[in-house]
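Notes follow the structure.
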Amino acid sequence: MARRKLVLKPEEIELLRERATKAIAPLKPPHKDHKYSWGSKRTQAGRDLPEYYLVYFLLVELLGFPSGGQWEKVAWTIPVDFNGNGALIEHRKMGLGVFSAATQEDEVIAAAVVAAVRRGVGASRPFFDHLAATAVNGSRLNVTNNCAWLFSRYTYLRDQFRAKSATVKDTSLYAIDEIITTNPDGTTVRSFSTPRFSDMQEARWLGIAVIDAFFSWTEHVLIHVGILIGNVKTGEDVARLAESEWSEKVKAAIDLSSDAEAKALYEDLLEVRRQIRNFMAHGAFGKQGEAFHFHSAAGAVPVNLTDAKNRSRFSIFAIPSFDENSAMELIEKFIAKVWDGVREPAKLYLEDASLPVILTYANDGTYTAAMSSRDDMENFVEYLTHEMDNAANMDW
């Protein structure tokens, strides 16, 4: 399906401006010659406003309402007129709201202001998409960082896999547990279980989950590392890479041509990824892709679904399948490689501090300087954390 055009022409924006103006009526900018009664109390109705950025873009960016700048615990203020009554829409530390004297009459007016704004937001959806598409083409963007969360998921499943695998090793293959159950009528039922086989099954399930969690983490973290080392610089680059194959993400973060060990790990993991994807995401026919068995004089013969890049779609040649334990060893080595050498300072930023990645810094040399050494990154993380805390508290 073709993607809908998002970036609008000036005449298209003007049509949206007219539509939004009608949608919010009778809400309008305050008249300079009219005397309003302003207030600073939060109204209950104002709690139902849409997201703060949608309100700001609608009223200020699209419709040209006046706005006030930052002051203590307030990011911005938009004065509005509703049928001659004044109210303030403010984005404060405790959230967006409509502010007035908050009398019973003011609550009625605030509810009408909220309803008008919501109508305007609904009518202006293409304008918001236009803003998003325009912004992504540039570098004034923060990229969400979930690296630590995804890695914690991996380590949790890995530890569960190791614990379950240990029970398999500690239990005899031939061990049988006898279970005796007494029924309400006094009769007893004797049953037997083979704990090692059930533990082996659960260990395999956990192993597959660990491998999947690892690739999920790398799909995310490699893009962020690519930004910090200067290989990814715009929102368009991030979006393209997010939709690309795993191999492209690896190459954005690690120079395989100059690191033989990384290249070998990459190639081995590429095969593991192919097999786990075929096994789990394409019907779980089997690790080797064995989807059919055909009848022959030799007996039942497995027919494998092969990779699309191969010459034949089907094959009876056995394909080496991944082993969970050996895959785990590859994974741990690759994780160490991600944070090796010039990429080491990135771990402080991405996983220890869990800061969002700011594309502006990828373009102006800030990240290049911070990635020079571990000490430089520690100093930068401390500075940026302080600035972000101030912004969150609206301590301008």
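The values are calculated or read from the model by the stated rules, or taken from the named source; none is laboratory data. Every value quoted in this text rests on a predicted model; they were computed, and no experiment measured them. All Cβ positions, even for glycine, are placed from backbone atoms using ideal geometry, and neighbour counts span all protein chains on display.
Mind checking which residues of the stretch 349-381 are within 14 Å of residue 229 (Cβ to Cβ) and of a type in the set (A, V, I, L, M)?
Those that are within 14 Å of residue 229 (Cβ to Cβ) and of a type in the set (A, V, I, L, M): 350, 357, 359, 362, 369, 370, 371, 377.
Within the stretch 37-70, can you find the residues that are within 22 Å of residue 111 (Cβ to Cβ) and at pLDDT below 95?
Scanning the stretch 37-70 gives 37, 38, 39, 40.
Tell me, please, whether a residue that is assigned by TED's automatic domain parsing to the domain that holds residue 125, in a helix (DSSP H, G or I) and in contact (Cβ under 8 Å) with a residue 60 or more places away in the chain can be found in the stretch 23-35.
At the first step, the residues of the stretch 23-35 found to be assigned by TED's automatic domain parsing to the domain that holds residue 125 are 23-35.
This time we only want the ones that are in a helix (DSSP H, G or I), so: 23-24.
Then keep just the ones that are in contact (Cβ under 8 Å) with a residue 60 or more places away in the chain; that gives 23-24.
Checking the stretch 23-35: at least one residue is assigned by TED's automatic domain parsing to the domain that holds residue 125, in a helix (DSSP H, G or I) and in contact (Cβ under 8 Å) with a residue 60 or more places away in the chain.
Any idea which of 238, 250 is β-branched (Val, Ile, Thr) and touching a residue at least 60 places away in the same chain (Cβ under 8 Å)?
Step by step, each of 238, 250 is checked, and only 238 is β-branched (Val, Ile, Thr) and touching a residue at least 60 places away in the same chain (Cβ under 8 Å).
Could you look through the stretch 79-108, keep only residues that are surrounded by fewer than 21 Cβ atoms within 10 Å (Cβ to Cβ) and of a type in the set (Val, Ile, Thr), and pick out the one that is farthest from residue 36 (Cα to Cα)?
108
Residue 168 is checked against (1) modelled with pLDDT of 80 or more; (2) assigned to a helix (DSSP H, G or I) and fails just one. What number does that condition carry?
Every listed condition holds for residue 168 apart from (1).
Matching residues to (1) under 20 Å from residue 363 (Cβ atoms); (2) surrounded by 14 or more Cβ atoms within 10 Å (Cβ to Cβ); (3) of a type outside the set (A, V, I, L, M):
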| residue | (1), (2), (3) |
| --- | --- |
| 233 | yes, yes, yes |
| 252 | yes, yes, no |
| 257 | no, no, yes |
| 262 | no, yes, no |
| 275 | no, yes, yes |
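Pull out all pairs, ordered by first then second residue, where Cβ-Cβ is under 6 Å, the residues are six or more apart or on different chains, the first lies in the stretch 114-139 and is more than 27 Å from residue 240 (Cα to Cα), and the second is among the basic types (Lys, Arg) and assigned to a helix (DSSP H, G or I).
123/19
If we scan the stretch 338-356, do we find a residue that is among the aromatic types (Phe, Trp, Tyr) and surrounded by fewer than 16 Cβ atoms within 10 Å (Cβ to Cβ)?
For the stretch 338-356, residues among the aromatic types (Phe, Trp, Tyr) and surrounded by fewer than 16 Cβ atoms within 10 Å (Cβ to Cβ): absent.
Checking the conditions here, which among 354, 372 is part of a loop (DSSP other than H, G, I, E, B), of a type outside the set (D, E, K, R) and within 23 Å of residue 140 (Cβ to Cβ)? I'd like the intermediate steps shown before the answer.
Values: 372 fails: within 23 Å of residue 140 (Cβ to Cβ).
Sole residue among the options that is part of a loop (DSSP other than H, G, I, E, B), of a type outside the set (D, E, K, R) and within 23 Å of residue 140 (Cβ to Cβ): 354.
Return only the number of the condition from (1) assigned to a loop (DSSP other than H, G, I, E, B); (2) buried (at least 16 other Cβ atoms within 10 Å of the Cβ); (3) more than 24 Å from the chain's Cα centre (by Cα) that residue 378 does not satisfy.
(1)
Do we find that residue 344 is under 29 Å from residue 137 (Cβ atoms), part of a helix (DSSP H, G or I) and acidic (Asp, Glu) in this structure?
No.
With the condition being of a type in the set (A, V, I, L, M, F, W, C), closer than 21 Å to residue 148 by Cβ and assigned by TED's automatic domain parsing to the domain that holds residue 362, I'd like the helices (runs of 4 or more DSSP H) fully within the stretch 187-276 carrying at least 1 qualifying residues.
Hits in the stretch 187-276: 195-228, 235-242, 246-253.
Across the stretch 50-75, what is the number of residues that are within 20 Å of residue 17 (Cα to Cα) and not in a helix (DSSP H, G or I)?
7
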